[in-house]
Amino acid sequence: QVQLVESGGGLVQTGGSLRLPCAASGRTFSSYRMGWFRQAPGKEREFVETISRYGSTYYADSVKGRFTISRDNAKNTVYLQMNSLKPEDTAVYYCTAGHPRGHTVGEYDYWGLGTQVTVSS
């Protein structure tokens, strides 16, 4: 069992930056692939990026070059560094963990409650 708690969300202007930490419980954190998804009002939850247990990463095209995922296994924490934010990045951001083969919502096992990110124009 893994419990995930996101933080770091808030209101930021276009072009600004935010860093979202996600703290995980459990002694097997390092064995999981970790990911971030987001959900805007009226839209489905969508993949943002993921990082394997070995540190390899994969990004959605919409955030490539602007967002960076990283993990600190010693601290049981995964981070999402978001730069050059745009109004269309406004969403609730969810941290997730699992052993997925792909990058869809249903392939991840554990989810946090999310943190709101709002980018003003």
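Output the number of the condition that Val63 fails; it satisfies all remaining conditions of (1) over 21 Å from Gly8 (Cα atoms); (2) under 12 Å from the mean Cα position of the chain (by Cα); (3) of a type in the set (A, V, I, L, M).
Here Val63 meets the rest and fails (1).
Can you name the number of the only condition in (1) touching a Gly at 6+ places or on another chain (Cβ under 9 Å); (2) open to solvent by less than 30 Å² (accessible area, probe 1.4 Å); (3) not in a strand (DSSP E or B) that Val63 fails?
Condition (1) is where Val63 drops out.
Can we say Arg19 is surrounded by 15 or more Cβ atoms within 10 Å (Cβ to Cβ) and part of a strand (DSSP E or B)?
no
When the residues of segment 40-60 are narrowed to those that are under 11 Å from the mean Cα position of the chain (by Cα) and open to solvent by 30 Å² or more (accessible area, probe 1.4 Å), which ends up nearest to Ala24 (Cα to Cα)?
In this case the residue turns out to be Phe47.
Being touching a strand residue (DSSP E or B) at 6+ places or on another chain (Cβ under 6 Å) and without any contact (Cβ under 8 Å) to a residue 24 or more places away in the chain is the requirement here; does Thr68 meet it?
Yes.
Consider segment 87-107. How many of its residues are open to solvent by less than 10 Å² (accessible area, probe 1.4 Å) and more than 12 Å from Gln39 (Cα to Cα)?
3
If you take the residues of segment 22-39 that are surrounded by 14 or more Cβ atoms within 10 Å (Cβ to Cβ) and part of a loop (DSSP other than H, G, I, E, B), which of them is farthest from the chain's Cα centre (by Cα)?
Among residues in segment 22-39 that are surrounded by 14 or more Cβ atoms within 10 Å (Cβ to Cβ) and part of a loop (DSSP other than H, G, I, E, B), the one farthest from the chain's Cα centre (by Cα) is Gly26.
What is the residue count in segment 66-98 for residues that are over 16 Å from Leu18 (Cα atoms) and part of a loop (DSSP other than H, G, I, E, B)?
4
Which of the following residues is open to solvent by 20 Å² or more (accessible area, probe 1.4 Å) and either at positive phi or among the hydrophobic types (A, V, I, L, M, F, W, C) (or both): Asn76, Asn83?
Asn76
One residue is enough: does segment 18-39 have a residue meeting the conditions more than 20 Å from Val2 (Cα to Cα) and without any contact (Cβ under 8 Å) to a residue 60 or more places away in the chain?
Among the residues of segment 18-39, not one is more than 20 Å from Val2 (Cα to Cα) and without any contact (Cβ under 8 Å) to a residue 60 or more places away in the chain, which makes the answer no.
The values are calculated or read from the model by the stated rules, or taken from the named source; none is laboratory data. Please read these numbers as outputs of a predicted model, since none were measured by experiment. Quick reminder, even Gly has a Cβ in these numbers, built from the backbone with ideal geometry, and neighbours come from all protein chains shown. Please note that ligands, DNA and RNA were not included when accessible areas were found on the heavy atoms of the full protein model with its side chains. Shrake-Rupley method; radii C 1.70, N 1.55, O 1.52, S 1.80 Å.
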